[in-house]
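S.K.: Dumping the structure here so I can ask a few things about it.
All of the numbers you see were taken from the coordinates with simple rules; none came from a lab. None of the values given here were measured: they were computed from a predicted structure. Here the Cβ is made from the backbone with ideal geometry for all residues, glycine too, and neighbour counts use every protein chain on show.
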Amino acid sequence: AQKVTQAQTEISVVEKEDVTLDCVYETRDTTYYLFWYKQPPSGELVFLIRRNSFDEQNEISGRYSWNFQKSTSSFNFTITASQVVDSAVYFCALSEQWANFGNEKLTFGTGTRLTIIP
Amino acid sequence: NAGVTQTPKFQVLKTGQSMTLQCAQDMNHNSMYWYRQDPGMGLRLIYYSASEGTTDKGEVPNGYNVSRLNKREFSLRLESAAPSQTSVYFCASTLRGGYNSPLHFGNGTRLTVT
């Protein structure tokens, strides 16, 4: 069965510091997708990024960057020059095919609560 | 753009009461999902509907029922609420399933069962 581990339950950093959120996954599939979602204090979950298992290129979007390494089954998320608005709970998720039914399933990690201290 | 709309936002029930959580999306998405979020547990799938007319159990379906009323609407019913069902419930939708399509979430329903 697939599994997503976010070992960091809570992280606090001072504004403008860089911070990395770790995500380690387990899957038997060779084809899968990894996601990051953000849940700000207002409560809704917001999609940040999707990465498929065949694309190991790192991605950068503004202050956000993602490092996907199949060798270590990790998909880490770095925020550069953090800002107070980055304070949120961040979820990593894995989507793989359900072999029996051919449907999709998304498994979430337990989330990392990030607090940016002004 | 409304996206995914959930009602109500908050609800308090007594043990044994029933209620239905409503969800509607206006993005013409095919697949819809109900998740619950509990502290330290992340999000867990309760039920999903891969397409209109179909529903399937997720990881934690016990105590719940669902109805895919039409392509837009997917409701979650608690027939006899229990304190263990105190949680935040999220409805989500995707164009064609979660494999390579990101989920669009509603704002959640905070349910307390006393």
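S.K.: Rounding to the nearest 20 debye, state how big the charge dipole of chain B is about its Cα centre with +1 on each Lys and Arg Cβ and -1 on each Asp and Glu Cβ.
M.R.: Value, rounded to 20: 120 debye.
S.K.: Give me a comma-separated list of calculated 3J(HN,Hα) values for region B:3-12, in order, Karplus coefficients 6.51, -1.76, 1.60 applied at θ = phi - 60°, integers in Hz, x for any Gly or Pro.
M.R.: Result, ordered by residue: x, 10, 10, 10, 9, x, 8, 9, 7, 10 Hz.
S.K.: Give the residue from A:Tyr25, A:Leu114, A:Asn58 lying farthest towards the positive end of the charge dipole for chain A; charges sit on Cβ (+1 for Lys and Arg, -1 for Asp and Glu) and the dipole is referred to the Cα centre.
M.R.: Going by the charge dipole, the pick is A:Tyr25.
S.K.: Lys and Arg at +1, Asp and Glu at -1: add these up for the other residues within a Cβ distance under 12 Å of B:Asn65 and post the number.
M.R.: Result for the neighbourhood of B:Asn65: +2.
S.K.: Could you point to the residue in A:Phe77, B:Ser18, B:Leu45 farthest towards the positive end of the protein assembly as shown's charge dipole, with +1 and -1 charges on the Cβ of Lys/Arg and Asp/Glu respectively?
M.R.: Comparing the listed Cα positions along the dipole, B:Ser18 ranks first.
S.K.: Additional query: Any chance you could get the radius of gyration and Dmax over the Cα atoms of region B:43-97, in Å?
M.R.: Expressed in Å, the Cα Rg and Dmax of region B:43-97 come to 11.4, 34.
S.K.: What is the sum of charges around B:Pro83, taking Lys and Arg as +1, Asp and Glu as -1, for the other residues whose C-beta is under 14 Å from the C-beta of B:Pro83?
M.R.: With Lys, Arg at +1 and Asp, Glu at -1, the net is +1.
S.K.: For a label point 7 angstrom out from the Cα of A:Arg50 toward its Cβ, which stretches of region B:29-64 have the backbone nitrogen within less than 19 Å?
M.R.: Correct set: B:29-35, B:45, B:48-52.
S.K.: If you don't mind, another one. Cα gyration tensor of chain A, axes a ≥ b ≥ c as square roots of the eigenvalues: rounded (a/c below 1.5), prolate (a/b > b/c) or oblate?
M.R.: Prolate shape, in that a/c is at least 1.5 and a/b is the bigger ratio.
S.K.: Which parts of region B:26-46 would a label at A:Thr5 reach, counting a residue when its backbone N lies under 12 Å from a point 7 Å out along Cα-to-Cβ?
M.R.: Those under the cut-off are none; the list is empty.
S.K.: Okay, next question. Taking A:Lys70 as the anchor, which lysines have their alpha carbon closer than 24 Å to its alpha carbon, excluding any fewer than eight residues away along the same chain?
M.R.: Result set, ordered by chain and number: A:Lys3, A:Lys38, A:Lys105.
S.K.: Hey, what do the phi angles of region A:66-78 turn into as Karplus ³J(HN,Hα) couplings, whole Hz, using 6.51/-1.76/1.60 and θ = phi - 60°, x for Gly and Pro?
M.R.: Once rounded to whole Hz, the list reads 10, 10, 9, 10, 5, 4, 10, 6, 10, 9, 8, 10, 10.
S.K.: Over all residues in B:40-46, what is the mean tally of Cβ atoms on other chains that come within 10 Å of each residue's Cβ?
M.R.: 5
S.K.: Compute the signed sum of charges (Lys and Arg +1, Asp and Glu -1) over the other residues within less than 10 Å, Cβ to Cβ, of A:Asp86.
M.R.: Residues close to A:Asp86 contribute a combined charge of +1.
S.K.: B:Lys9: which aspartates and glutamates have alpha carbons under 12 Å from its alpha carbon, excluding same-chain residues fewer than 8 sequence positions away?
M.R.: A:Glu44
S.K.: For chain B, state what percent of all Cα-Cα pairs lands in each successive 10 Å bin, counting from 0 Å until the bin that includes the largest distance.
M.R.: Taking every Cα pair in chain B, the percentages come to 15, 51, 29, 5.
S.K.: Evaluate E = 1/(1 + (r/R0)^6) for B:Asp38 and A:Ala81, where r is the Cβ-Cβ distance and R0 equals 30 Å; express this FRET efficiency to the nearest 0.05.
M.R.: The pair B:Asp38/A:Ala81 has a calculated efficiency of 0.35.
S.K.: Would you please put A:89-96, B:23-30 in order of how densely packed they are, using the mean number of other Cβ atoms within 10 angstrom per residue and starting with the highest?
M.R.: Per-residue mean Cβ counts within 10 Å order the peptides as A:89-96, B:23-30.
S.K.: Could I ask something else about it? For A:Trp66, A:Trp36, which order do you get if you count the other beta carbons within 10 Å of each Cβ and list the fewest first?
M.R.: A:Trp66, A:Trp36
S.K.: Report relative contact order for chain A in percent, whole number only (criteria: Cα-Cα under 8 Å, sequence separation at least 6).
M.R.: The value is 37 percent.
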